[in-house]
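Just below is one structure, and these are the notes that go with it.
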Amino acid sequence: MTSTYAKPKLSVKAQTLATVGAVAAAVILPQVFHLMGALSGLGTALGETFLPMHLPIILAGLLAGPYVGAISGILSPLISFALTGMPMSAMLPFMMIELCIYGLSAGLLRNVNMPTIVKVVIAQVAGRAVRAAAILIAFYLFHSKAVPVAVIWNSIVTGIFGLVLQWALIPLAVYRMEKRA
């Protein structure tokens, strides 16, 4: 069984700043990837491959806790859609659900004594599983044809490089930030 260890509780001001920072990064990073994709002729493929919106949300949960992670996860796709039209409207609710679970689960693991990479993998599996369940419910229970069931597998295959990138960058960022604190 894993033990927990107490990290310092963040003030409301610090949690607010962390939420704003995570949302800003989750809105800006995908635009950088989409711009690079447009310049290289790949379109939105870079964003779909490297999952840049996911990085700051998981990081926010791990560093600032479940409230910051969940709120950042819900708000980021919504604000991004309002400002940029991305993600597509059909995918918006599923992205909101997925990113909320990423941030929430990472935040719930914040004080659990285990390697950060394991926390990242657990958050990734939780987010993708809940997103898949939401898509299946929408498709089979509500007969929605806006998002096909095949998008579940396609997003995993397409995003594998992004998942690996998260395994490399997030533990390093957590280590660096916690060392500074």
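The values are calculated or read from the model by the stated rules, or taken from the named source; none is laboratory data. Keep in mind that this is a model prediction, so the values were computed, not measured. For neighbour counting, all protein chains shown are included, and Cβ atoms are generated from backbone atoms with ideal geometry for every residue, glycine included. Protein only, heavy atoms only, side chains kept; ligands, DNA and RNA dropped before computing areas. Shrake-Rupley method; radii C 1.70, N 1.55, O 1.52, S 1.80 Å.
A few comments on the model shown:
- Here the range 129-159 and the range 50-95 have alpha carbon centers that stand 18 Å from each other.
- By average C-beta atoms within 10 angstrom, highest first, the peptides 94-101, 132-139, 111-118, 54-61: 54-61, 94-101, 132-139, 111-118
- Pairs of Cα atoms farther than 15 Å apart, the range 66-153, %: 61
- Reach of Lys13 by Cα under 25 Å, taken over lysines that are not fewer than 8 positions away in the same chain: Lys179
- Comparing Ile170, Leu136, Leu35 along the charge dipole axis of the chain, the residue lying farthest to the positive side is Ile170, per the Cβ-charge model.
- Net charge dipole, the chain: roughly 500 debye, given to the nearest 20, about the Cα centre with Cβ charges of +1 for Lys and Arg and -1 for Asp and Glu.
- Residue-normalised accessible area of the chain, expressed per residue, 1.4 Å probe, Å²: 53
- Heavy-atom accessible area ranking, 1.4 Å probe, most first, across Phe81, Phe142: Phe142, Phe81
- Principal-axis analysis of the Cα atoms of the chain puts helix 160-180 at an angle of about 20° to the longest axis.
- Furthest towards positive pole of dipole, Thr19, Ala64, Ile160, structure part the chain, Cβ charges: Ala64
- Accessible-area composition of the chain, carbon plus sulfur, in percent [1.4 Å probe]: 76
- Cα-only Debye scattering, the chain: base-10 log of I(q)/I(0) at q = 0.09, 0.13, 0.14, 0.16 Å⁻¹: -0.30, -0.63, -0.73, -0.95
- With DNA, RNA and ligands ignored, accessible area of Lys119 (1.4 Å probe; Å², nearest 10): 10
- Leu78 accessible area, assembled protein chains, probe 1.4 Å, Å²: 80
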